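Below is one structure; the comments refer to it alone.
Any read-out appearing in this document is the output of simple, stated calculations on the displayed coordinates, not a laboratory observation. A quick note: this is a predicted structure, and the numbers were derived from the prediction, not measured. Note that each Cβ is placed from the backbone with ideal geometry, even for glycine, and that neighbours are counted across all protein chains shown.
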Amino acid sequence: MTMLPTPDHPLRIGTRASPLAMAQAHMAVATLIASHGLDPQALEIVPVTATGDKIQDRALAEVGGKALWTRELDAMLDAGVIDVAVHSLKDVETIRDPRFHVAAMLERADPRDRLVVRDGLEAQTIADLPQGARLGTSSPRRAAQVKKLRPDLETPLLRGNVATRLAKLNSGDCDATLLAAAGLDRLGMHDVGFAQSAEILLPAASQGAIGIECRADDAATRALVAAVDHEPTHRAVAAERALLAALGGDCRSPVAAHAMWQDDGRLRLFAEIFSEDGADHIGGATFVSDSADAEALGHRLLAQAPASVKRLFTV
């Protein structure tokens, strides 16, 4: 029988200190309380400022990649300072240290991107933006997709948390940006921006998914957390991450991937990889019964990709 945490021996939940990350940690807390009937005092949120949150003026690929979002939490988890870490899975490296285990994923939120424009500009889709507009982003995927649709648009670097990016947008740094619908909704910004069709802007792998990670050798915590796992989300996100592993991409690699459950109960994975400017791209889809199916799609896309795309991936 799994020992439940108590106010005297609380479950320590590590998270980045950004407003969105804190909101996601509180979602994890609420889910654990509801599942196990825990005293709210039996869960303690431990925030930390990640290196990725400190560096705002350079692309992630230039300063260490996605590890900048997980480094501090990994060290705390490994040292036993925290018992679990709550992550936005889109920001977690594809290949993780085997000492850590994603024991649960919460039910996925809206995986789409939303277009947000500066005050005074009217546009609901990328097609509506004026000629030569500046759409700021730090995502190679979004930049490539935008360039694919509108080669005339500029895609300057825009980094920071949601509030920072919105402030930069309205101060004139750029005309528009793309933000994850899930993040905006979790911050209560339900009316900010316009959702873009996933058929036009295929989302990033893991977008909208929250993972709860613990030490692989901590059987008690694994069992406690596994009780809140949303299996359909876990299977879909695992397929997307298996595809990323097969591609061997990093923060410089423009790749979109989204696995969706079909009406017949099968899981279908859609993926597309791009050149940096979006001019060259290759996409495909497959039904997924296990990780091998997702990996096969990744290998097939690479085999068919032109050199301008293939060079951005390491396999």
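Just a few scattered comments:
- Listed values [x] 6, 27, 37, 24, 5, 0; [y] 6, 29, 34, 21, 8, 1, 0; [z] 6, 26, 34, 24, 8, 1, 0 include one computed from this model; for P(r) over Cα pairs in 10 Å bins from 0, in percent that value carries the label [z].
- Simple spin-label estimate for residue 285 and residue 264 gives 1.2 nm between the two label positions (7 Å along the Cα-to-Cβ direction from each Cα).
- Dipole in debye (nearest 20) - the chain, about Cα centre, beta carbon charges: Lys, Arg +1; Asp, Glu -1: 600 debye
- Couplings 3J(HN,Hα) of region 194-206, computed from phi: 10, 4, 9, 4, 5, 6, 8, 10, 4, x, 6, 4, 6 Hz, in residue order, whole Hz [Karplus 6.51 cos²θ - 1.76 cosθ + 1.60, θ = phi - 60°; x for Gly and Pro].
- Long-range HN-HN contacts of residue 45 with modeled amide H, under 5 Å: 13
- At R0 = 35 Å, FRET efficiency that the Cβ-Cβ distance of residue 95 and residue 8 yields, to 0.05: 0.40
- Ranked by how many other Cβ atoms sit within 10 Å of their own Cβ, fewest first, the residues 33, 126 fall in the order 33, 126.
- Hz values of 3J(HN,Hα) by residue in region 279-287 - Karplus curve (6.51, -1.76, 1.60), Gly and Pro given as x: 5, 10, 6, 9, x, x, 8, 7, 7
- Model label points for residue 227 and residue 152, set 7 angstrom from Cα along the Cα-to-Cβ axis, are 5.8 nm apart.
- Between the amide H of residue 278 and any residue lying 5 or more places away or on another chain, no distance stays under 5 Å, with hydrogens modeled in the peptide plane.
- R0 of 35 Å, Cβ-Cβ distance residue 26-residue 170: FRET efficiency to nearest 0.05: 0.80
- In this structure, the amide hydrogen of residue 138, modeled 1.01 Å from its nitrogen in the peptide plane, lies closer than 5 angstrom to those of 158, counting only residues at least 5 positions away or on a different chain.
- For the chain, calculated [θ]222 nm from helices alone, where every DSSP H run of n ≥ 4 adds -39500 (n - 2.57): -10000 deg cm²/dmol
- On Cα atoms only, tilt of 19-36 relative to the major axis of the chain in degrees: 40 degrees
- One decimal place: the segment residue 131-residue 219 gains 26.0 nm when fully extended, by the rule 0.36 nm per residue minus the C-alpha distance.
- Net charge, residue 282 excluded, C-beta distance under 13 Å - Lys, Arg +1, Asp, Glu -1: +1
- Evaluating 6.51 cos²θ - 1.76 cosθ + 1.60 at θ = phi - 60° for every residue in region 171-176, the Karplus couplings come out as 8, x, 4, 7, 8, 7 Hz, glycine and proline recorded as x.
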